[in-house]
1. For the range 1-47, name all the residues that are within 14 Å of the ligand (Cβ to nearest atom), surrounded by fewer than 17 Cβ atoms within 10 Å (Cβ to Cβ) and not in a loop (DSSP other than H, G, I, E, B).
2. Just to check your reading of the model, which residue among 65, 58, 121, 76 is closer than 23 Å to residue 221 by Cα, within 13 Å of the ligand (Cβ to nearest atom) and among the hydrophobic types (A, V, I, L, M, F, W, C)?
3. What are the pairs with Cβ atoms under 7 angstrom where one residue, in the range 230-252, is within 11 Å of the ligand (Cβ to nearest atom) and the other, located anywhere, is modelled with pLDDT under 95 and of a type in the set (A, V, I, L, M, F, W, C)? Sequence gap at least six, or different chains.
4. Hey, any hits in the range 142-151 for a residue that's within 16 Å of the ligand (Cβ to nearest atom) and either modelled with pLDDT of 95 or more or of a type in the set (Phe, Trp, Tyr) (or both)?
5. Looking at the range 152-201, which of its residues are part of a loop (DSSP other than H, G, I, E, B) and among the acidic types (Asp, Glu)?
6. Here are some residues: 299, 287. Which one is in a helix (DSSP H, G or I), surrounded by 17 or more Cβ atoms within 10 Å (Cβ to Cβ) and not acidic (Asp, Glu)?
7. Quick check on this structure: which one of 129, 151, 146 is touching a helix residue (DSSP H, G or I) at 6+ places or on another chain (Cβ under 6 Å) and farther than 19 Å from residue 188 by Cβ?
8. Can you find a residue in the range 263-274 that is closer than 25 Å to residue 25 by Cα, at pLDDT 95 or above, touching an Asp or Glu at 6+ places or on another chain (Cβ under 7 Å) and within 14 Å of the ligand (Cβ to nearest atom)?
Amino acid sequence: MTANNSPSPQLTVTGAPRAGGAGTIGDLTVSRIGYGAMQLERLRDDRDAAIALLRRVVELGVDHVDTAQFYGNGFVNGLIRDAFRPEDGVVVVSKVGADPDPDGPFPMRPAQRPEQLRASVEDNLVSLGLDCIPVVNLRRLDTRPGLRAEGDQVVDLDDQLAEMTALRDEGKIGAIGLSAVTLDGVRRALPAGIVCVQNLYSLVTRDDEEMLRLCTDEQIAWVPFFPLGGAFPQLPKVTDEPAVTALAETLGRTPAQVGLAWLLHHAPNTLLIPGTADTGHLEANIATGTVALDDAATAALDAVESRPLTEITFG
Ligand SMILES: NC(=O)c1ccc[n+]([C@@H]2O[C@H](COP(=O)([O-])OP(=O)(O)OC[C@H]3O[C@@H](n4cnc5c(N)ncnc54)[C@H](OP(=O)(O)O)[C@@H]3O)[C@@H](O)[C@H]2O)c1
């Protein structure tokens, strides 16, 4: 699952054209259009369909897949273990900082303490069937919306980075990323050699523009989560935006494709991980790589108003 050598950066190791072209995450070359596996939780009752969707991911030239142990309490990681073979060359990115909580009010609970980060890496290694997870995001609880840290779950970033660095030195993880983090947190983590930042960001929620610029300057991959606005109804949707729907009609594309294309055009270090449990949507999202935005289209999308995350209640 971790072999990532190809004769051409434009091709995956299976020989498929890389979806959206080639991007980088640390030392690894990956497709700029990846896949976020969280929505596969919804296919718990149709495991064969979920595995078939992941096989389609590989066929379509995607070799960057995002997951977590707390997606379906290990269900999604088990799908990834069973669907991908080492010769597919898929770079699997997981995250630690929360544990599954299937009976709780939320399917996950904070697990920020260093020993919990280590235990979570071990859980991921088992459920993914890997000796080393190529990239692991330290999922902080610093940003809205979502879970907040309280009590002994308020942990200093430096203490967490020390544990993540030790895990990298031991070869259990290949590289370190950050998620749900502040600008100050990214700055503080730079000496640890982080390779990606995964925060909530889309055309309609652009609080982190300054952080994105820092990541571009530092050659850190910017991997926005909820790139379409997510599946939760409380969150603003890229596809509801009039400028997006109007442009989609002009271009003969879907609103989702226009929103994802804007992300790809907006910064060269952006890697997409749109999530879907629908094969048709997967194919449409991957075809985003062929959407061209001219200056007028880009200007119209740039002018879309961003909704501050502090105004969004969720969780
Ligand atoms: N680091 C973190 O804390 C964090 C948090 C959340 C998520 N993530 C990662 O980010 C990934 C992306 O987030 P997400 O999946 O929640 O949100 P998203 O990609 O913004 O949106 C997913 C939603 O959009 C729909 N959709 C996808 N493609 C579509 C298309 N072409 N046309 C119309 N609708 C479409 C999906 O429904 P269908 O299934 O019906 O297509 C689903 O309802 C996740 O899968 C996960 O890997 C990370």
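The values are calculated or read from the model by the stated rules, or taken from the named source; none is laboratory data. Worth saying up front: this structure is predicted, and the values here are computed from it rather than measured. Using ideal geometry, Cβ is built from the backbone for each residue, glycine included, and neighbour counts are taken over all protein chains shown.
1. Result: 42, single match.
2. Numbers: 58 fails: within 13 Å of the ligand (Cβ to nearest atom); 121 fails: within 13 Å of the ligand (Cβ to nearest atom); 76 fails: closer than 23 Å to residue 221 by Cα.
So the residue among 65, 58, 121, 76 that is closer than 23 Å to residue 221 by Cα, within 13 Å of the ligand (Cβ to nearest atom) and among the hydrophobic types (A, V, I, L, M, F, W, C) is 65.
3. Once the first residue is within 11 Å of the ligand (Cβ to nearest atom) and sits in the range 230-252, its partners that are modelled with pLDDT under 95 and of a type in the set (A, V, I, L, M, F, W, C) give 232/314; 235/312; 235/314.
4. Of all residues in the range 142-151, those within 16 Å of the ligand (Cβ to nearest atom) come to 142-149.
Cutting the leftovers down to either modelled with pLDDT of 95 or more or of a type in the set (Phe, Trp, Tyr) (or both) gives us none.
Checked the range 142-151: no residue is within 16 Å of the ligand (Cβ to nearest atom) and either modelled with pLDDT of 95 or more or of a type in the set (Phe, Trp, Tyr) (or both).
5. Correct list: 156, 170.
6. 287
7. None of the other options fit; the residue is 129.
8. yes
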